[in-house]
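The values are calculated or read from the model by the stated rules, or taken from the named source; none is laboratory data. Note that the structure is predicted; figures quoted are calculated from it, not measured. Because the Cβ atoms are built from the backbone with ideal geometry, glycine has one as well, and the counts that use them run over all protein chains shown. These area figures cover heavy atoms from the full protein model, side chains too; ligands, DNA and RNA do not enter into them. Shrake-Rupley method; radii C 1.70, N 1.55, O 1.52, S 1.80 Å.
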Amino acid sequence: MNNKLYVVGIGPGAYEDMTIRAVQAVEKAELIVGYGVYAELVRPYFPEKEYFTTPMRGETQRCRYALEQAAAGKSTAVICSGDAGVYGMAGLLYELRGENETPEIEVVSGLTAACSGAAVLGAPLTHDFAVISLSDLLTEWDTIEKRLDRAAEAGLSIVLYNPASKKRRDYLQRACEIILRHAEPERVCGVVRNIGRAGESRQIMTLAELRSYEADMFTTVFIGNPQTKCIGGKMITPRGYRDV
């Protein structure tokens with residue numbers, strides 16, 4: 001009996017962006033559990049597996065099912081886009097398992113959108129940065145606003161996850177207005193859509209232009225710090241190596 005539950009970060013979506021360890025973990029699993037969109041990304045590479053999926057906001061149901069199946073002896077992998085511990089399911093699975101020792105949980109890290117998107121844009125995160133989700137499903141907007149304000153005041157580069165949805169069309173605009181309290185309108189920014197998937201695209205713009213950009217849930221937003229610049233069509237944030 002294999003009471004092992006893998007929590008796997010599959011990266012942005014392409015098989016080539018999965019780590020070797022992530023591929024090995026999914027190969028060991030009999031059952032793959034995940035959000036439907038993510039399951040469809042890996043299904044072509046692991047067609048022989050059993051799948052259990054739920055729509056968005058079915059996270060608790062998915063995790064409980066995975067824990068039950070793993071505890072019953074079925075090797076199971078819960079897949080997450082990006083990294084399993086960055087806005088992923090690793091924390092929830094540990095919470096739901098509580099103080100129990102079974103099933104054994106193994107977290108397999110993956111390439112989060114901040115890293116994979118930054119590579120598409122150039123090198124916007126060479127110095128300190130903050131990652132903030134604009135989704136207010138689990139976090140009050142007042143808290144998100146405070147985090148945006150403090151990060152901008154501190155002069156950090158900022159990566160925004162979940163910048164917009166059908167119900168949150170103006171959230172990116174609102175975030176930009178908060179950041180503009182501390183940043184100049186010409187601040188270099190960038191966006192990447194569909195990182196590592198079909199239709200991947202990137203665009204570099206100013207903070208003022210970003211304010212009116214129409215993002216969606218497949219967009220990752222990068223807001224530079226005061227030193228960020230555009231060099232050869234790439235978004236670059238220096239760390240200061242040339243000055244040492």
At 7 Å along the Cα-to-beta-carbon direction for both T102 and E140, put a label point, then send me their distance in nm to one decimal.
4.2 nm
Around G117, what is the net charge, scoring Lys/Arg as +1 and Asp/Glu as -1 over all other residues with Cβ under 15 Å from its Cβ?
0
Roughly how many whole Å is it from the C-alpha centroid of the stretch 108-170 to that of the stretch 1-52?
26 Å
List the residues whose amide H sits under 5 Å from the amide H of M235, counting only those 5 or more places along or on another chain, with H placed 1.01 Å from N in the peptide plane.
G122, A123
Between Q61 and D128, what is the label-to-label distance in nm when each label sits 7 Å out along the Cα-to-Cβ direction?
4.3 nm
Note to self, the chain gives a 222 nm [θ] from helices alone (DSSP H runs n ≥ 4, -39500 (n - 2.57) apiece, / all residues, nearest 500) of -8500 deg cm²/dmol
Going through the stretch 147-244, which trypsin sites (Lys or Arg not before Pro) have at most 16 other Cβ atoms within 10 Å and a DSSP loop state?
K166, K167, R169, R181, R197, R239
Using a 1.4 angstrom probe, figure out how much accessible area the chain has per residue, in square angstrom, rounded to the nearest whole.
50 Å²
Per-pair calculated FRET efficiency, R0 = 22 Å: R147 and E95 via Cβ, rounded to 0.05
0.50
Heavy atoms only, probe 1.4 Å: what % of the accessible area of the stretch 83-192 goes to carbon and sulfur, would you let me know?
47 percent
Here are some pairs, K166/K234; K49/K74; K146/K234; which of them have Cα atoms lying more than 23 Å apart in this structure?
K166/K234; K146/K234
Two pseudo-spin positions, 7 Å from Cα along C-beta at T206 and at R239, lie apart in nanometres by 3.0 nm
Could you pull out every residue, at least 5 positions away or on a different chain, whose amide H is within less than 5 Å of the one on A130? Hs are placed 1.01 Å off N in the peptide plane, and Pro or chain starts have none.
S157, I158, V159
